[in-house]
Structures are given as C-alpha cells and as structure tokens.
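Each reported figure results from applying straightforward, stated rules to the coordinates on display, with no laboratory input. Small disclaimer: the values here were computed from a predicted structure and weren't measured. With ideal geometry, Cβ positions are generated from the backbone for all residues, glycine too; neighbour counts draw on all protein chains shown.
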Amino acid sequence: MFSLEIESPPAQRDLLVAELWEAGSAGIVESELGVRAFFEDAADREALRARFGAAGWRQEEPRDWVAESRANWEPMSVGSRFFLVPAWRDDPAPDGRFRIVVNPGMAFGTGRHETTRLCLEALERFVHPGAAMLDVGTGAGILAQAGALLGAAPVWACDIDPDAVAVARANIGPRLFIGSADAIRRGVADLVAANISPQAIVRLAPDLLGCLRPEGVALLSGFEPHDVAEIEAEIARHGGVVREVRQKGAWVLLVVGGKLVGRVSDVRE
C-alpha cells in the first residue's frame with residue numbers, strides 16, 4: 001500500500017475527499033495542510049499523483065487504513081437539534097436531537113464544514129412546520145433532510161452534479177432533480193437554502209430570490225467575508241435585502257429576504 005500527500009485549503013477539502021473515495025482510496029487522513037490518501041499497490045500511482053497534484057508519496061506498512069480513517073469521524077452535535085452520525089456508527093441521538101446519518105466522502109455536506117453547520121443552525125430558527133423549502137446545490141442532502149425533520153413540507157432539492165444527486169436520492173426521496181433554481185416555479189418557497197460557491201450565488205441571485213414567497217427567507221452560504229459585498233450588491237440589484245449576517249470561523253451565512261429594510265444583526269462565532 002502507498003499513500004499520497006495532497007495539499008488542499010479547507011474550502012476545497014470536502015470535494016477533494018469525495019473525489020479520492022471515488023478514485024478508490026482505501027482510507028483518508030486529514031492534516032493541517034491537506035490530506036493523506038491511501039491506495040492499494042495495484043492502483044496506478046503515477047496517474048493518481050498527476051490527477052490530484054500530489055506533493056509526494058510513500059510506501060506504507062500493512063495496516064487497516066480504512067479503520068484508521070473512520071476513527072477520525074466521530075458523531076457530532078450541531079446547533080440545538082441535530083446529531084450527525086457517520087454511516088458505520090450506530091450511536092443513538094441524545095434526547096431532543098434529530099439523528100442524521102452522513103457518509104463522509106460521498107458528496108459535499110457531511111456537517112464538518114463551518115458552512116454546513118451555519119446552515120443547519122439557521123434552519124433551526126427559520127423553518128416552521130409546513131414551510132415549503134428548496135435546497136439548491138444539495139450535495140449529500142443534509143440540509144434537505146434537516147429541513148424535513150424540522151417540519152418543512154414539501155422539501156425540494158437539486159444539484160447540477162449527477163453523482164451528488166445519486167447519493168442524496170436515497171436520503172431525500174423523489175423531490176430531487178438534476179438542475180438548479182432556474183427550474184423552480186416563481187414564488188413557491190418559504191425558505192431557500194443554498195450552500196454553494198460565491199460565484200454561483202451571484203449568478204443565481206435572481207432565481208434564488210424569485211423562488212421565494214413574499215415573506216420568504218433565503219439562507220445563503222459557502223463563501224468568506226471578502227465575498228459579502230459583491231453578493232449583497234447583487235441581491236440588492238434584484239430586490240432582495242440582507243437581514244442578518246452570521247459568521248463561523250472564516251465562513252459567512254447571509255439571511256436574505258425582500259420585506260425588511262436594512263440589516264437586522266450580525267452574529268459571529
């Protein structure tokens with residue numbers, strides 16, 4: 001068995017991990033600078049080095065790297081209502097929390113990234129029973145699942161990545177499609193969640209806002225503080241208003257609507 005050392009900024013790490021699992025990795029261990037991915041000796045080392053831009057490789061002694069990789073993934077409490085559990089664990093949820101099973105590496109959205117946690121915490125506040133919800137760029141489907149557990153109905157979800165849709169379909173059900181917010185009828189959602197790139201949010205701003213009912217709210221994340229001004233300007237250009245700014249670590253979530261004038265608050269952790 002050999003391992004590849006691959007440098008990766010935190011913002012890109014979930015996607016990198018997903019690609020490494022897809023490429024046949026036997027185990028993945030995260031480090032401060034990136035990840036170390038383990039492969040069986042029969043794998044094409046040079047092709048993998050070129051594909052992932054590995055900084056180096058080394059031959060490994062025989063060990064159960066899958067077990068060691070899984071040992072890094074512990075159940076996690078998020079917000080006041082959710083308990084995220086890796087698929088291979090059977091830990092029950094503490095009293096008062098919803099249990100959500102995640103499969104690390106299959107698609108973006110395992111709950112470990114700050115943007116996912118920001119969105120889950122915001123859902124606790126803004127989802128009410130019977131609210132119609134749209135999750136744009138659903139990834140593994142964790143936000144759609146969370147919304148449904150909080151009482152949202154119906155819950156639609158979409159992603160432009162067919163592989164992500166295949167992963168999420170088992171968790172979300174039939175209201176899931178390959179595509180984006182431009183395929184949704186105008187004014188049907190009480191809540192829109194979009195944990196995607198800042199470029200995608202700017203491009204989709206009119207569609208994200210157009211999906212909302214008059215009193216609806218959009219929860220937008222997936223970007224850093226230096227992206228906020230551009231996103232806020234684009235939202236305002238299409239008639240939206242940033243009601244609240246939430247920040248966790250180096251990541252930001254905007255609460256957006258069309259009825260209030262001006263920003264309500266900033267919440268930082």
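Once mean projected area of the Cα convex hull in nm² is worked out from the coordinates, which option in (i) 19.6; (ii) 13.6; (iii) 14.5 does it equal?
Recomputing mean projected area of the Cα convex hull in nm² here picks out (iii).
Where both partners of a DSSP beta bridge lie in the chain, what percent of those bridges are antiparallel, to the nearest 5?
That works out to approximately 55 percent antiparallel.
If you take the beta carbon distance between Glu60 and Glu19 as r and set R0 to 30 Å, what does 1/(1 + (r/R0)^6) give as a FRET efficiency, to the nearest 0.05?
The computed FRET efficiency comes out at 0.90.
Taking only Cα atoms and a 10 Å spring cutoff, compute GNM fluctuations for the chain and point out the largest among Gly179, Gly96, Gly222.
Gly96
For the chain, with a Gaussian network of springs between Cα atoms less than 10 Å apart, report the residue from Arg169, Arg89, Arg125 with the top mean-square fluctuation.
Greatest mean-square fluctuation among the candidates belongs to Arg125.
Between Met76 and Arg169, with labels modelled 7 Å along Cα→Cβ, what's the label distance in nm to one decimal, could you check?
Using points 7 Å along Cα→Cβ, the separation is 2.7 nm.
For the range 111-268, what log10 I(q)/I(0) values come out of the Debye formula at q = 0.09, 0.11, 0.15, 0.18 1/Å, with one point per alpha carbon and no solvent?
Here log10 of I(q) over I(0) equals -0.24, -0.36, -0.69, -1.04.
For labels at Glu46 and Ala153 in the simple 7 Å Cα→Cβ model, what's the distance in nm?
The two pseudo-label positions are separated by 5.9 nm.
Label Arg213 and Glu7 with points 7 Å out from Cα along Cα→Cβ: what is the distance between them in nm?
Label at Arg213, label at Glu7, 5.0 nm between them.
Measure nothing but the geometry: give the 0 to 90° angle between the long axis through the Cα atoms of 162-172 and the longest principal axis through the Cα atoms of the chain, rounded to 10°.
70
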